Every structure is written in structure tokens, then in C-alpha cells.
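The values are calculated or read from the model by the stated rules, or taken from the named source; none is laboratory data. For clarity, every value in this text was computed on a predicted model and none was experimentally measured. Glycine gets a Cβ as well: all are built from the backbone with ideal geometry, and neighbour counts include every protein chain shown.
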Amino acid sequence: MLSTFFVPEGTDFSASEIEVGGDEAHHGVNVLRLKQSEEVKISNGAGNWGVGKVSQLSKKSFTVEISTRGFEAAPKQRIVVVQAILKNDANKEAVDFLTQVGADEIIPWQSQHSIGKIDDKSLSKWQIVARESSRQSRRVRIPLVTRILSTEQLILKIKELQNVLVLHEAAESRLSQIEINEEADVTLIVGPEGGLSEIEVNTFIAAGAKVVRLGESVLRAANAGAAATSVVMSRTGKW
């Protein structure tokens, strides 16, 4: 499978040649050791993509002569994951796996039991991880990482949506069996290491969410969202 590199969203994909610079070029030139005439894939992270051979190489950039180009439309039914903020590197792990399995949007949530906290600088790290993981998994659409939500803001959001599923180990219904409206996005809510509080669960249910579990075993907070996304991907025909 071809190595994938990202260029700015406004890049003109009708051009015969496209230059790759910045961190993407550094990764290609210094890490992957790209060679002249090697075939690669480039994308703007928003669906546009092109395939071609490296025509020019320098220490800080490389140019691709485009031979094939296309566009991957956004899915009609998106998978949105509301991920409670975790401790330290667990946030990176969660975003990495969510991106690999195909989540379309990741929303950081400051839950009651979240020990970690993130600011704008930390949020930019989530976005960088999503980009790097998209490159590794050959995605041409980088998942959107949005602003941090408080519980109050999340409740308002739940009231506007359908298919809101809260992961909880004590739930009676399994995610693999719950009814999913095919005409609406699927929103998964994943708690932190300390779990969801009873108040949070009850408030989410009152706002219209359904509580579900994955199976008998309890997954780590950094991995539960990716596992749930995989189930939804399979159930909605994306896998």
C-alpha cells in the first residue's frame, strides 16, 4: 500500500504537480527515505487525493507528479466519539486507535471523573495525533477533533441528536444488538478511567441517550471507544 502524505486543505488537486512540505516532507524524506520516482499518495485530509511519482526531492520538500486523482465524499452516516479526557498518554492512545478504526469526529469531554485536564495546547496535540494516525492508516479524511465540551454542553448536544449510545459496563443492552437509525449519525460516549458517575448516566438517559455495553469484559477507557467504533463500523456496513 502506498505511503500517504498530507498537504494543506486548499491545495489545487487539478495541478499536474503538487509539492509536499513541512512535517509531512520531513517524514517522507528523513524517516521513510523516499526515492526519486517512488509512487506515493497525497491528500488534503478532506477527501481530495492524488497518486503519482516523486519527481523532485530536497531536504525540506518533495514534489509529486500526479497521475491519478479523486475525491472521497464524507460518509452519509458519521461515527462521532465523545471521549472523556484521560490521564497523560492515554489520551494519545485513544485518539490514535479511534482514528485507525474510522471515527469521523472526536469530541473531548471534561467528565466528572476525568483526572486529566487539557487546554488549547493539549487539544492541538489531539489534532496532531489524528493527523499522524490518518497518515499511518492511509485515510484521506482526517477525523475532526472539536473543542472541549462540558457535561452541560454535552447534554444540550444529546437532546439534538439520535443514535446517542453511552458505553457502560452495567448496561443490559449490547451495542451489537441495539437498534440504530440508519438516517442519523451514531454518537458514542466513552467515560474516563474512573467510569461514569450515576448522575451523568441518568442525565444522559433523560436527554435521550441509550446505555449499552460491549460484552462481558471491561475494556480500558483508552480502548473502549475504538472497540465500540469497530462494532458500529461493522453494523453499518462500513467494514
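For region 190-210, a residue qualifies if it is under 20 Å from ALA103 (Cβ atoms), among the hydrophobic types (A, V, I, L, M, F, W, C) and either part of a loop (DSSP other than H, G, I, E, B) or touching a His at 6+ places or on another chain (Cβ under 7 Å) (or both), and the qualifying residues are LEU196, ALA209.
One line per residue, one yes/no per condition, for (1) in contact with a Phe, Trp or Tyr (Cβ under 9 Å, 6 or more places away or on another chain); (2) part of a helix (DSSP H, G or I); (3) within 30 Å of ILE42 (Cα to Cα):
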site	(1), (2), (3)
HIS113	no, no, no
SER122	no, yes, yes
VAL129	no, yes, yes
SER133	yes, yes, yes
ARG147	no, no, yes
LEU156	no, yes, no
LEU165	no, no, no
GLU169	no, no, no
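Only a single criterion out of (1) within 17 Å of SER114 (Cα to Cα); (2) surrounded by 14 or more Cβ atoms within 10 Å (Cβ to Cβ); (3) under 20 Å from the mean Cα position of the chain (by Cα) is not satisfied by ARG220, namely (2).
Counting only residues that are outside any helix (DSSP H, G or I) and either in contact with a Pro (Cβ under 6 Å, 6 or more places away or on another chain) or of a type in the set (D, E, K, R) (or both), region 6-33 holds 5 of them. Determine whether THR63 is among the β-branched types (Val, Ile, Thr), over 30 Å from GLY191 (Cα atoms), outside any strand (DSSP E or B) and out of contact with any Leu (no Cβ under 6 Å at 6 or more places or on another chain). Spelling it out, it is not the case that THR63 is among the β-branched types (Val, Ile, Thr), over 30 Å from GLY191 (Cα atoms), outside any strand (DSSP E or B) and out of contact with any Leu (no Cβ under 6 Å at 6 or more places or on another chain). Of GLN56, GLN36, GLN83, all but one fail to be free of Cβ contacts under 8 Å to residues at least 40 places away in the same chain, assigned to a strand (DSSP E or B) and either crowded, with 16+ Cβ neighbours inside 10 Å or not assigned by TED's automatic domain parsing to the domain that holds LEU175 (or both); the exception is GLN56.
Given the criteria in the same structural domain as GLY191 (by TED's automatic domain parsing), in a strand (DSSP E or B) and not acidic (Asp, Glu), does ILE106 qualify? Against the criterion (in the same structural domain as GLY191 (by TED's automatic domain parsing), in a strand (DSSP E or B) and not acidic (Asp, Glu)), ILE106 qualifies.
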